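Take a look at the structure below.
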Amino acid sequence: MTIKAILFDCDGTLVDSEVIEHSLSVTGLIRHFSASSIFSAYEIGHFKPDPAFYRAVLSTLQLLPDEAVVVEDSLPGIRSALGAGIRTIALGATARLAGDLAQAIPAPDLASAGEALKNVGA
């Protein structure tokens, strides 16, 4: 299937969307997002590593797991995305990808994540 969404984790997922939007505004990244594309575990009510967080995001966006790629930087987040059946790029976590995390695509930095996205068809 074609990739329709790239889901980037933000450390602010444990806060409400207003805090996330403020952080994105301060960094100048807000222009890349619409209000309907910002999700907070705090507001969804499911927290990583529970895959229900990413399942809820997919449901809201009306996407199947193979239509998305997640870029995650935390082990609970990587577990959450993989548990939801989504291809996952593990940012900066390459040395820790064993066992249930071995399915993740390692990327030591953002530049490597960009290459990994190309390789999964995004």
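Values in this text are rule-based calculations from the coordinates and carry no lab data. Remember, predicted model here, so these are calculated numbers, not experimental data. Cβ atoms come from the backbone with ideal geometry, glycine included; neighbour counts cover every protein chain shown.
Summarising the amide proton neighbourhood of S74: residues at separation of 5 or more, or on other chains, whose placed amide H is nearer than 5 Å comprise an empty set. Sorting R87, R55, R31 by the number of Cβ atoms found within 10 Å of their own Cβ, with the fewest placed first, yields R31, R55, R87. Applying the Karplus relation 6.51 cos²θ - 1.76 cosθ + 1.60 with θ = phi - 60° to region 54-63 yields 3J(HN,Hα) values of 5, 4, 5, 4, 4, 4, 5, 7, 6, 10 Hz, where x marks Gly and Pro.
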